[in-house]
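Heads up, the thing below is written out as structure tokens.
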Amino acid sequence: MRARSSAVTPRPSVRAPRRVAMPRLLDETLAGGLHLVAVRRPSVPMVEVRLCVPLGAGLVRHAAGPLVLTGAVTAGTTHHDRASLADAFERLGGALDAALDDDVVSLHAFGLATKLPTLLDLVNDVLTGATYPADEVRAERDRTADEVVMDLSRPEVQAGEAFRARLYGDHPYATPTPRPDALRRVGAASLRTIHPRIFNPRGAHLIVVGDVGTARVERLVSERLGPWLAGASRAVAPLAPLPPITPGGIELHDRPGAPQSNVLVGGAAPRRTDPQWPATALANLVVGGMFTSRLVENLRERHGYTYSPHSDVYHGRPGSTVIVTAEVGSAVTAASLVELRYELGRAAALGVSEEELEGARRYAIGSYLIRTSTQRGLAATLAAYATSDTPASLVFDYPARVARTTLDEVNAAARHHLGPGSMATVVVGDADLVGPSLRALDEVATPSS
């Protein structure tokens, strides 16, 4: 037999990330105060349309109506019932749906690019002529209430509500999920009343990405959505900035009999427009934002405390927050929190290595390229930037900002934003099991439920 060679094949070098070219971008405010962002992306003969409407503080705090509305807004118009409206979009090769994401109601429509005029006509029909049939509203509110009952039984949902209350206090962002009894009180008349308040062109964002020229998009939007634009009213007041986070201590919420604890640690983060944002994004990736992060290596690989600890930065209209989460066994809750705080503190005090930075840089740019490679992904990214008051141009500048970020800048961002001493901590678990060991680490408060 021929002897097998013992030579090791060298690992191929990784090519530099490709440069992202700035496309022809339309970023304008139209009649009625509608903010329009349009990008021609001719990869496939389709078009993505996303309308994102920020809510005022009152509707954020009382979200039962908006939540039911997102399911009922497509239930019928002056020209269509639910079935015929869905059929009309299907004839365009697309569909329409609606969603509520914290403080933004959105409509998402897509179809063949050649059918954009008709697609916009249908969107205008929904915006100006939604009828909210009583039987459809009853069915939708009952379905939504049943879904919320199931959601509220999930420990991560309970933990998320407790954590928002800890971080944001009296701010609208601390508002919990609407309860089933509030949802079941929503009626068709109330939805007809709040519909024009929600779908107000002034201050709304319309994102159009597809195989359509930007000048044609602007003309068609002005023409086909003209009846809706003409009904613009005063813009909703901006939400107050997020309150300063009060660090220190552990807030423990009792979940009797829970075999696991939900550990959440969070603090303030820079907005996407902040010069420190790219450096903070890279520091976050090294610590917990990717599967090769320090938190994964420590809590999962070295200690086996959890499957996938994670950290991320959430950008909202009034500010941004870094949040670190881990679901751990009750017996190792305190030990997990020690290691989690250790990794945050190590990054803040000692920084990251050049090798870690380059790995995070490639991950950040590569994941961006994947996320924005499709029309739908690019439209979703542009919508996220628009609703957090970030210029659309920064979407395309992000890879370049990441590429030129230095190690010193990343370490400065870690010191400023990832130190555990500036963060708040919430644990949701069995207080009898985890309370004594947590009290050995820090002061523990146990708010009444």
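The values are calculated or read from the model by the stated rules, or taken from the named source; none is laboratory data. Quick caveat, the model's predicted, so the values are computed rather than measured. No Cβ is skipped: glycine too gets one built from the backbone with ideal geometry, and neighbour counts run over all protein chains shown.
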Taking Tyr307, is it surrounded by fewer than 18 Cβ atoms within 10 Å (Cβ to Cβ), under 23 Å from Thr381 (Cα atoms) and not assigned by TED's automatic domain parsing to the domain that holds Leu167?
no
Yes/no for Leu369 being of a type outside the set (Val, Ile, Thr) and under 24 Å from Asp211 (Cα atoms)
yes
Picking from Ile245, Ile207, Ile250, which residue would you name as being closer than 30 Å to Leu112 by Cβ and of a type in the set (A, V, I, L, M, F, W, C)?
Ile207
With the requirement that a residue be over 28 Å from Ala400 (Cβ atoms), surrounded by 16 or more Cβ atoms within 10 Å (Cβ to Cβ) and among the small types (Gly, Ala, Ser), what does the stretch 250-279 give you?
Ala258, Ser261, Gly266
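Kindly indicate whether Arg341 is touching an Asp or Glu at 6+ places or on another chain (Cβ under 6 Å) and not assigned by TED's automatic domain parsing to the domain that holds Ala204.
So Arg341 does not fit the description; no.
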Output the residues belonging to the stretch 374-395 that are modelled with pLDDT under 95 and over 18 Å from the mean Cα position of the chain (by Cα).
Ser393
Tell me whether the stretch 75-93 contains one or more residues that are within 28 Å of Ser373 (Cα to Cα) and at pLDDT below 95.
no
Enumerate the pairs (first residue in the stretch 74-101 and within 24 Å of Leu55 (Cβ to Cβ) and in contact (Cβ under 8 Å) with a residue 40 or more places away in the chain; second residue anywhere and among the aromatic types (Phe, Trp, Tyr) and assigned to a loop (DSSP other than H, G, I, E, B)) with beta-carbon separation below 7 Å, excluding pairs fewer than 6 apart on the same chain, so at least 6 apart or on different chains.
Ala75/Tyr132
When Pro238 is evaluated against the numbered criteria (1) within 26 Å of the chain's Cα centre (by Cα); (2) crowded, with 21+ Cβ neighbours inside 10 Å; (3) not hydroxyl-bearing (Ser, Thr, Tyr), which criterion, by number, is the only one it fails?
(2)
Here are His195, His171: which of them is touching a strand residue (DSSP E or B) at 6+ places or on another chain (Cβ under 9 Å), in the same structural domain as Asn124 (by TED's automatic domain parsing), on the phi < 0 side of the Ramachandran plot and touching a residue at least 40 places away in the same chain (Cβ under 8 Å)?
His195
